[in-house]
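Enquirer: Sharing a structure here in structure tokens format.
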Amino acid sequence: MGINPSSALGPSLAKLSVFSNTTMPSVIAPTVLLLGSSDGTTGGSSIRARGTASYQIADLTEYVRISEGVNTYEPGDILEIDINRPDLFKKSDKAYGKKLAGVVSKTGSVILGEEGVEFDENFKPKNHVQLALAGRVLVKVTGPVAIGDAITSSSIPGVGMKAAKNGRVVGFALEPHSGGEIGYVKILINPHYW
């Protein structure tokens with residue numbers, strides 16, 4: 001199967017080509033994004049892509065299993081490794097958490113780790129959330145935050161704050177927050193010790 005909008009737009013304006021049951025052609029000009037199987041089948045587990053995809057805010061995410069029910073998580077929650085349950089994650093629950101892993105995202109443009117994820121009838125994961133691995137993502141914060149501030153966990157479950165001392169952080173603020181109520185700021189995700 002091939003989808004090519006050039007018939008409606010004219011051959012010089014093709015934007016997307018999708019190929020199934022075929023190997024990816026070596027040249028498709030002027031296609032912007034090309035998706036196809038690497039082995040010529042739809043049963044294979046690899047897909048090759050060439051081109052450019054643009055998003056307003058996007059990040060690289062991975063489905064991760066969580067300790068509590070999926071309905072208790074929201075985009076922007078800070079996650080940490082659940083040391084009592086291997087391979088699971090939970091909301092951070094103390095200031096300057098030492099096991100911070102990242103942030104729950106809803107803007108993943110590339111989502112990894114779908115194997116073993118169960119979805120409901122609305123294609124929502126039953127026991128997994130998307131953990132941002134790279135890119136820009138919104139995170140919940142409390143207190144004042146300035147552009148460039150390192151963001152760590154606060155004592156409020158899943159909520160971050162400006163890091164005022166060294167320790168584990170999830171990234172750096174790309175916009176300010178005036179403080180007061182819990183709000184959201186865009187960060188460049190970069191979990192590390194600061």
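The values are calculated or read from the model by the stated rules, or taken from the named source; none is laboratory data. Predicted model, so just to flag it, every value in this text is computed and none were measured. Quick reminder, even Gly has a Cβ in these numbers, built from the backbone with ideal geometry, and neighbours come from all protein chains shown. Ligands, DNA and RNA are excluded from the accessible area calculation, which covers all protein heavy atoms including side chains. Shrake-Rupley method; radii C 1.70, N 1.55, O 1.52, S 1.80 Å.
Enquirer: Looking at Ser109, is it surrounded by fewer than 20 Cβ atoms within 10 Å (Cβ to Cβ), of a type in the set (S, T, N, Q) and closer than 19 Å to Lys91 by Cα?
Expert: No; evaluated as a whole, the condition is false for this residue.
Enquirer: Turning to a different aspect of this structure: Within segment 59-106, can you find the residues that are of a type in the set (S, T, N, Q) and open to solvent by 20 Å² or more (accessible area, probe 1.4 Å)?
Expert: Step one: list which residues in segment 59-106 are of a type in the set (S, T, N, Q), which gives 61, 67, 71-72, 84, 92, 105.
Ser67, Asn71, Thr72, Asn84, listed by residue number.
Enquirer: Pick out the one residue from Gly44, Gly40, Gly36 that is surrounded by 13 or more Cβ atoms within 10 Å (Cβ to Cβ), outside any strand (DSSP E or B) and modelled with pLDDT under 85.
Expert: Result of the check over Gly44, Gly40, Gly36: Gly40.
Enquirer: Here are some conditions: (1) at positive phi; (2) under 17 Å from the mean Cα position of the chain (by Cα); (3) open to solvent by 50 Å² or more (accessible area, probe 1.4 Å). Lys124 meets all but one. Which one does it not meet?
Expert: Condition not satisfied by Lys124: (1).
Enquirer: Condition first: of a type in the set (S, T, N, Q), open to solvent by 10 Å² or more (accessible area, probe 1.4 Å) and outside any loop (DSSP other than H, G, I, E, B). Now tell me which residues in segment 139-190 satisfy that.
Expert: If the condition is that a residue be of a type in the set (S, T, N, Q), open to solvent by 10 Å² or more (accessible area, probe 1.4 Å) and outside any loop (DSSP other than H, G, I, E, B), then Ser178, Asn190 are the ones that fit.
Enquirer: Further, regarding this structure: Among the residues of segment 127-138, which ones are open to solvent by less than 40 Å² (accessible area, probe 1.4 Å) and under 15 Å from Lys91 (Cα atoms)?
Expert: Listed by number, the residues that qualify are His128, Val129, Gln130, Leu131, Ala132.
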